[in-house]
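Below is one structure, written out as structure tokens; the observations come after it.
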Amino acid sequence: MTPPEKNQPSDLPKHRVRDAEATKLRILEAAKKEFSQNGLEGARVDSIALEARANKRMIYHYFESKENLFKVVLEIAYLDIRTQEANLNLEKLPPKEAMITFVRFTWDYYIKNPEFITLVNSENLCQARHIRNSPLLQEVSQKFVSRIQAILDQGAREGVFRPDLDAVQVNITIASIGYYYFTNRYTGSVIFNRDFLSPAALKERLAFNTDTILRLLCL
């Protein structure tokens, strides 16, 4: 009887690599959930390990500390929004259409990724100490600003946008009118006696945001 074939030695490292990567991904996903719900200080490594079907030793082996794990989660979160923004190919659109698309994307991203807002809130409480020295985020952020600035400059040359618009200031405004709405959705719903998250309210607010930005940009 022929004995069953054993895994070739060359197959074993590949299997271990796949297992390690899968474990890291589970840890990162669980960490994103825990940090977004409880912040850096309130997050518990035990909870992350339980959610990730891992153990604390593995978390510290892969990420060294809770602080560094938080930094990695933040970097991934920022890279995700910047990557999706780049995939919009805004440069290929007429300037006005490009900025309308950008405003809508930012709004939709906040709706689909509420953890992004809470993660950024947590990092602001930490005075940005985890991302301050991240070369990766500095590089993607500079590319993002340059991309938006090129669109604004093109719009100015075409006589569509006001001249001398600053991409950083424009992005702060676009982000803030969506960011504030969602971070204050519960108190706002009570104070203004309307459901901030109803489909009708979200649609109305997006239309208002888009109109506001166009009034800011256009001649």
Practice item. Name every residue in the range 209-219 that is at pLDDT 95 or above and either surrounded by fewer than 13 Cβ atoms within 10 Å (Cβ to Cβ) or under 21 Å from ASN113 (Cα atoms) (or both), in order of residue number. Key: ASN209, THR210, ASP211, ARG215
Revision key, fill the gap. Among LEU206, LEU165, the single one that is farther than 17 Å from ASP108 by Cα, buried (at least 17 other Cβ atoms within 10 Å of the Cβ), in contact (Cβ under 8 Å) with a residue 24 or more places away in the chain and in the same structural domain as TRP107 (by TED's automatic domain parsing) is LEU165
**Study point:** Looking only at the range 1-46, and only at residues there that are over 22 Å from HIS130 (Cβ atoms), aliphatic (A, V, I, L, M) and surrounded by 10 or more Cβ atoms within 10 Å (Cβ to Cβ), the one that is modelled with the highest pLDDT
**Key:** ALA22
Point to revise | Test: ILE191 is in contact (Cβ under 8 Å) with a residue 40 or more places away in the chain and not acidic (Asp, Glu) | key: no
Review point. Which residue, of GLY155, GLY178, GLY159, is in contact with a Lys or Arg (Cβ under 9 Å, 6 or more places away or on another chain) and either surrounded by fewer than 17 Cβ atoms within 10 Å (Cβ to Cβ) or farther than 14 Å from THR106 by Cβ (or both)?
Key: GLY155
Point to revise | Positions within the range 203-213 being among the hydrophobic types (A, V, I, L, M, F, W, C) and out of contact with any helix residue (DSSP H, G or I) (no Cβ under 7 Å at 6 or more places or on another chain), in sequence order | key: ALA207, PHE208
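What do you reckon, is ILE172 of a type outside the set (Asp, Glu) and over 17 Å from ILE213 (Cα atoms)?
Taking the combined requirement at face value, the residue does not satisfy it.
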Point to revise | Close pairs (8 angstrom Cβ cut-off, 6 or more residues apart or separate chains): touching a residue at least 40 places away in the same chain (Cβ under 8 Å) in the range 113-130, assigned to a loop (DSSP other than H, G, I, E, B) and crowded, with 17+ Cβ neighbours inside 10 Å anywhere | key: GLU123/HIS130; GLU123/ILE131
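From the list GLU51, GLU75, pick out the single residue that is assigned to a helix (DSSP H, G or I) and outside the structural domain of LYS32 (by TED's automatic domain parsing).
GLU75
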Exercise for review: Test ALA49 against the stated conditions and say whether it is surrounded by 15 or more Cβ atoms within 10 Å (Cβ to Cβ), over 19 Å from LYS112 (Cβ atoms) and of a type in the set (Gly, Ala, Ser).
Suggested key: yes
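The values are calculated or read from the model by the stated rules, or taken from the named source; none is laboratory data. These numbers were taken from a predicted model, which means no experiment stands behind them. For neighbour counting, all protein chains shown are included, and Cβ atoms are generated from backbone atoms with ideal geometry for every residue, glycine included.
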